[in-house]
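As structure tokens, the structure follows; a few thoughts come after it.
Please treat every number below as a calculation from the coordinates, not as lab data. Note that the structure is a prediction, hence the values are computed from the model and not measured. Counting neighbours? That spans all protein chains shown, and the Cβs are built from the backbone with ideal geometry, glycine included.
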Amino acid sequence: MKLIFLGPPGAGKGTMAKRLAKDRKIAHISTGDLFREAIARESELGLEVKAIIERGDLVPDSLTIQLVAERIKAGDCAGGFILDGFPRTIGQAEALEKLVGVDAAVNFGLSDEELVRRLSGRRLCPACGRTFHVDFMPPQVPDLCDSCGAGLIVRKDDQIDSIRNRLSVYQKQTEPLIGFYSRRGLLKNVDGAPAPEAVFSALKKTLALP
Ligand code: ADP
Ligand code: ADP
Ligand code: ZN
């Protein structure tokens, strides 16, 4: 099964992608995670994208497409994958079509007010990549990762100025993908507002999964 997860920042794509990838034993490809790993390693790519990501702009299509093209060649993608946060522009979507076909594009919807609440309360484990929320998905011990015990951080792009920019970048550059995939008969809409358990059930239902 080859899926795209669409939707604004904070809608819950990453949370649901991790869960579904584990459940279906398919690969989870988050371009945001790949960029953050590159930044942490201080690789050439990481140094190139750090400032762009921190202010909440999009990384240029050429770099992003190249990254995904390489990643989906890996063996773990043969049995299927979830692209989480890619494509984010029409140019990326057109490039992806030339690389590989997908079964569905799932669009997670959420109001701007709720997105801001989700993003400003998000906490990330820099060691294992697990995501929490101070109110909605709190760790057992405040500020520590349940999985590995590392101290949780706030992403630089989850500060309010960057959040506002990301929501406007989303509207201008990414929202048009809803029409793009709708015209191809691939779009599935999932309401991102309910509790995680309910969103996950709705996701499986819309994909006709047991
Ligand atoms: P995205 O990948 O779309 O940016 P995330 O999966 O990182 O979104 O979720 C954004 C924040 O909201 C995180 O802090 C996450 O823990 C929290 N979250 C995810 N899904 C839900 C949900 N259904 N209800 C409440 N909070 C959620
Ligand atoms: P979120 O779901 O909270 O918006 P991501 O982790 O998906 O965050 O992405 C973080 C940042 O990484 C984006 O704001 C952008 O700067 C960059 N990024 C991720 N995916 C892409 C993409 N497909 N195209 C361009 N930039 C991207
Ligand atoms: Zn951790």
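Quick notes on this structure:
- Applying the Kirkwood pairwise sum to the alpha-carbon positions of segment 133-190 produces a hydrodynamic radius of 14.6 angstrom.
- Once the Cα gyration tensor of the chain is diagonalised, semi-axes √(5λ) in Å: 24, 21, 18
- Using θ = phi - 60° in the Karplus curve 6.51 cos²θ - 1.76 cosθ + 1.60, the 3J(HN,Hα) couplings for segment 166-183 round to 5, 5, 6, 4, 4, 4, 6, 9, 9, 3, x, 5, 4, x, 4, 7, 5, 4 Hz; x is entered for Gly and Pro.
- Amide proton proximity set for L144, modelled H, under 5 Å, gap of 5+: L152
- Segment 1-58 - Rg over Rh from alpha carbon coordinates, Kirkwood radius: 1.03
- Report note on the peptides 96-105, 59-68, 114-123: ranked by the mean count of other C-beta atoms within 10 Å, highest first, their order is 114-123, 59-68, 96-105.
- In the chain, the DSSP-assigned H stretches of four residues or longer account for a calculated mean residue ellipticity at 222 nm of -13500 deg cm²/dmol, using -39500 (n - 2.57) per stretch and the full residue count as denominator.
- With θ taken as phi - 60° and the Karplus curve 6.51 cos²θ - 1.76 cosθ + 1.60 applied, the whole-hertz 3J(HN,Hα) list for segment 55-71 is 8, x, 8, 8, 5, x, 3, 4, 5, 5, 5, 4, 4, 6, 4, 5, 5 Hz, x standing for glycine and proline.
- Ordering V199, V141, V134, V190 by the number of other Cβ atoms within 10 Å of each residue's own Cβ, fewest first, gives V141, V134, V199, V190.
- The alpha-carbon atoms of segment 87-201 define a convex hull whose volume equals 137 cubic angstrom per residue.
- DSSP-defined beta bridges in the chain - what % are antiparallel, rounded to 5: 25
- Nearest-0.05 FRET efficiency for A208 and R55, computed from C-beta distance (R0 35 Å): 0.30
- For K188, residues with placed amide H under 5 Å, excluding near neighbours: A105, V106, N107
- For the residue pairs K22/K204; K22/K172; K2/K22, alpha carbon separations beyond 24 Å are given by K22/K172.
- Spin-label model distance (nm) - V134 vs R164, 7 Å beyond Cα toward Cβ: 1.9
- Between the amide H of A27 and those of G80, F81, I82, distances stay under 5 Å, these residues lying 5 or more places away or on another chain, with hydrogens modeled in the peptide plane.
- Least to most buried among D158, D146 (fewest other Cβ within 10 Å first): D146, D158
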